[in-house]
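The structure appears below as structure tokens.
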Amino acid sequence: MVSAMQWDIIIQQYPEDVETIQQARDIRQRVTHRIQGLDIPLLAAPLEHDTIGDLIPVETLGAVCREVWKEVLPAAPEVDFEEALLAALSGSEIPGMSPEEGEEALRIVLGAVVTGYFRRLRELNETIIPETHLEGSCPFCSSSARVGFDSESGRTLVCSLCAHQWQVPRVRCPFCGNRDHTTLGYFESEEINGVRVYYCLECKHYIKVIDTRIRDVSDAETGDVLTLALDERARQEGFLEP
């Protein structure tokens, strides 16, 4: 289900952002190459949400950020890459960075490095991941899924951090376990065919689900980027991102 990002499709939808998208693709390719050469630890158990920050090799990944930045962008930003990585991981503001200094490009680099590292970590530790898992949080790294896929065989969620995928029941909120169909619902958009936003009135969370029988998008990140308008509508209706 998870495959490489479909960059050409993203460019078709956002032609005004071609330069940024091509830059993001270049950054991702360079980061992936460097992550493959890192010494990745073998783990005894899946990760807990509060310990993810302790596991990340900040100095090593900070060096990857610097190397990629120097290759892709003209000048290094006046920011500490190690602090910026920790801020990106926690979802907080990057200290000492302003939009004029290339904050968008820096976030692309940081995001590529963090997700690249955890995806490689998951690939090398597949054997410790539970086979059965019904929740919306990843059984490997405990991060939440933003996107799922429906097919003839059922519903699969994809972790937004490490890209692990697992099957869950259709009639059940993956975030609070609610099974009452009267408080579970969905909405869709005429402009975005084959995608529904499933929500729970109990916990107010939502998730975007792509029907692979209708829509030819097999990569969760691509599907997420192509459906940002649905996130905006979900927020306007009072629902919370995972």
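A few comments on the model shown:
- For Tyr198, net neighbour charge (Lys/Arg +1, Asp/Glu -1) across residues whose Cβ lies under 11 Å away: +3
- Inter-site label distance for Glu191 and Leu228 at 7 Å from Cα along Cβ, in nm: 1.3
- Between helix 81-90 and the chain: long-axis angle, C-alpha atoms, 0 to 90°, nearest 10: 10
- Only Lys, Arg, Asp and Glu carry charge here, each on its Cβ (+1 for the first two, -1 for the last two); on that basis the chain has a dipole of about 840 debye about its Cα centre.
- Degrees, to the nearest 10: 58-72 long Cα axis against longest axis of the chain: 80
- Average accessible surface for the range 3-160: 51 Å² per residue, computed with a 1.4 Å probe over protein heavy atoms with every protein chain in place.
- Centroid-to-centroid, using Cα positions, the range 95-159 and the range 177-208 are 21 Å apart.
- Working value for the range 1-91: equivalent-ellipsoid semi-axes of 26, 19, 14 Å, each the square root of 5 times a Cα gyration tensor eigenvalue, largest first.
- 12 Å beta-carbon shell around Glu241, net charge (K/R +1, D/E -1): +1
- Eigen-decomposition of the gyration tensor built on the alpha-carbon atoms of the range 104-242 gives equivalent ellipsoid semi-axes of 23, 19, 15 angstrom, largest listed first.
- Modelled this way, with points 7 Å down the Cα-to-C-beta line, the labels at Glu131 and Glu83 are 4.8 nm from one another.
- Positive-pole candidate from Leu121, Val64, Ile108, dipole of the range 1-142, charges at beta carbon: Leu121
- Relative contact order (%) - the range 1-150, alpha-carbon pairs under 8 angstrom, separation at least six: 29
- Computed over the chain, the P(r) tail beyond 29 angstrom holds 32 percent of alpha carbon pairs.
- Among the trypsin sites (Lys or Arg not before Pro) found in the range 186-218, those both in a DSSP coil and sparsely packed, with 12 or fewer other Cβ atoms within 10 Å of their Cβ, are Arg213.
- Filtered GluC sites (Glu not before Pro), the range 107-191: DSSP coil and at most 14 other beta carbons within 10 Å: Glu131, Glu152, Glu190, Glu191
The values are calculated or read from the model by the stated rules, or taken from the named source; none is laboratory data. Please read these numbers as outputs of a predicted model, since none were measured by experiment. Reconstructed Cβ throughout: ideal geometry from the backbone, glycine too, with neighbour counts over all protein chains shown. Only protein heavy atoms, including side chains, enter the accessible area calculation; ligands, DNA and RNA are left aside. Shrake-Rupley method; radii C 1.70, N 1.55, O 1.52, S 1.80 Å.
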